[in-house]
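Heads up, the thing below is written out as structure tokens.
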Amino acid sequence: MPSCFFSGCLLLVAGCNLHKTSVHPYPAQTPSTVIYPHRWVAPLFDPEMAASTLDTHERDRWQQPGRIVASLHLKPGNVVADVGAGSGYLMPYLSHAVGPHGIVYAEEIQKGFLPMLHRRARALGNVRIVEGTASDPHLPAHMVDCFVLLTVYHEVQQPIGFLKTLRALTKPGTQLAIIDFDKQRKGYPPAPYGHEVATDAVIAEARAAGWTLSTRYEFIPSQFFLVFRPS
């Protein structure tokens, strides 16, 4: 599964005139696997690069984490799972949204991210760190109100199988939010080659796993933001 977001880091393009910036916000990585034509599965992100790529003001400007969490309409006391939490970029926003009586499960499969997650969690009080695997997030059944996958879906090795696993953990009203680089979008930051996913592919995979598209948001220039409900 994910290392969180930005496993799909941007290509470094020398002399690029497309954007007026000297360095792209994310380093290059090479796609590792094709699960079917035109559908890449990207390699996991290097935790050592988190500080310089995942947790930056530049990312805040285009990612709009506060607006993402507000769009989920979380309520105090809700239980939310940040699947592939990486460095914990979304953690404070989710923690604030569910309040002291809610729970944030920050799930991650890469051990290198766990110390970062624990440091952030200590300051918040309502976050539980979960070490998952590529096929099993080790999250509690029938408790989670919202699963969030932020810029991590392109790393999931078996997307339909993994979404079926999440589907089996749902309770009435559970929602699933998938935000990732869109293969069709040309906004900033540009989708890294091999680290983007076609929106239609995600919707089709979710449908095959027992999820129905409920809402889509368009405010992130180069990413789709899809919200699903159990079918």
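Taking region 191-231 and a reference point 7 angstrom along Cα→Cβ of Gln157, the backbone N atoms nearer than 19 Å belong to 195. Proximity of backbone amide H atoms, modeled 1.01 Å from N, is registered between Ala81 and Tyr105, Cys146, Phe147, Val148 at under 5 Å, excluding neighbours fewer than 5 places apart on the same chain. Here region 96-231 is assigned +1 on the Cβ of each Lys and Arg and -1 on the Cβ of each Asp and Glu. Its dipole about the Cα centre then comes out at about 260 debye. Under the combined filter of DSSP loop state and at most 13 neighbouring Cβ atoms within 10 Å, region 126-231 retains these trypsin sites (Lys or Arg not before Pro): Lys186.
Listed by chain and number, the aspartates and glutamates placed with their C-alpha closer than 17 angstrom to that of Lys183 are Glu155, Glu196, Asp200, Glu205, Glu218; residues fewer than eight positions away on the same chain are left out.
Please work out whether region 142-231 counts as rounded, prolate or oblate from its C-alpha gyration tensor, where a ≥ b ≥ c are the square roots of the eigenvalues and a/c under 1.5 means rounded, while otherwise a/b larger than b/c means prolate and anything else oblate? It comes out prolate by the Cα gyration axes. In this structure, the amide hydrogen of Ser214, modeled 1.01 Å from its nitrogen in the peptide plane, lies closer than 5 angstrom to those of Val227, Phe228, Arg229, counting only residues at least 5 positions away or on a different chain.
Each of Gln223, Gly161, Ala198 was placed along the dipole of region 156-231 (beta-carbon charges, centred on the mean Cα), and the one lying farthest toward the positive end is Gly161.
Dipole orientation for region 33-230: of the candidates Val144, Val127, Met116, Val144 has the Cα lying most toward the positive pole (charges on Cβ; Lys, Arg +1; Asp, Glu -1). Modelled this way, with points 7 Å down the Cα-to-C-beta line, the labels at Tyr193 and Arg229 are 4.2 nm from one another. Translational diffusion coefficient of region 33-230 (Stokes-Einstein, Kirkwood radius from Cα pairs, 10 °C, 1.306 mPa s): 95 µm²/s.
At a Cα cut-off below 14 Å, give the aspartates and glutamates reachable from Lys171, other chains included and same-chain residues fewer than 8 away excluded. Excluding near neighbours in sequence, the set is Asp145.
Any read-out appearing in this document is the output of simple, stated calculations on the displayed coordinates, not a laboratory observation. Source: prediction; values computed, not measured. Don't worry about glycine lacking a Cβ; one is built from the backbone with ideal geometry, like all the others, and counts go over all protein chains shown.
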